[in-house]
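The values are calculated or read from the model by the stated rules, or taken from the named source; none is laboratory data. Keep in mind it's a predicted model, so treat the numbers as computed, not measured. So basically every Cβ, Gly included, is an ideal-geometry build from the backbone, and we count neighbours across all protein chains shown.
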Amino acid sequence: EVAEPLQDVKEGMEQLEKNMTLRYILSTLLAIGNFLNGTNAKGFELSYLEKVPEVKDTVHKQSLLHHACSIVVDNYPQSTDLYSEIGAITRSAKVWDTDTHTHTHTHTHQLPSEY
């Protein structure tokens with residue numbers, strides 16, 4: 001029961017490490033961030049990725065995610081559909097979400113009534 005999800009995590013890490021499309025996306029986001037902020041940062045915190053769909057341009061109201069995807073498609077024609085290349089990560093996320101919900105739900109019902 002545990003071995004298969006762990007194997008998916010291991011396989012998913014390998015998929016991410018080798019995936020060039022992910023590298024194109026992350027390097028594009030870094031370049032956009034450096035341009036917008038007038039900096040020359042070498043990286044960014046992963047929490048920044050949560051904000052990418054929320055940040056919009058002032059003219060066309062398109063998200064930063066939209067612009068980043070357009071840049072990747074235009075500048076890296078060899079890029080592919082990232083989602084289809086990281087199946088193990090997708091499976092792991094579904095198992096983790098389901099297990100976490102089940103685990104939390106089970107323990108919540110076991111709490112004494114004064115909580």
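Assessment of region 32-46 against the conditions (hydroxyl-bearing (Ser, Thr, Tyr) and modelled with pLDDT under 95) yields no matching residue.
Among the candidates Glu45, Glu14, single out the residue that is part of a helix (DSSP H, G or I) and either closer than 26 Å to Val95 by Cα or touching a residue at least 12 places away in the same chain (Cβ under 8 Å) (or both). The unique qualifying residue is Glu14.
Among the residues making up region 37-52, those that are closer than 15 Å to Leu26 by Cβ and not basic (Lys, Arg) are Ala41, Gly43, Phe44, Glu45, Leu46, Ser47, Tyr48, Leu49, Glu50, Val52.
Quick check, is Lys51 within 30 Å of Val95 (Cα to Cα), surrounded by fewer than 13 Cβ atoms within 10 Å (Cβ to Cβ) and of a type in the set (Lys, Arg)? Spelling it out, Lys51 is indeed within 30 Å of Val95 (Cα to Cα), surrounded by fewer than 13 Cβ atoms within 10 Å (Cβ to Cβ) and of a type in the set (Lys, Arg).
Only residues that are loosely packed, with under 12 Cβ neighbours inside 10 Å and within 16 Å of the chain's Cα centre (by Cα) were counted across region 54-84, and they come to 4.
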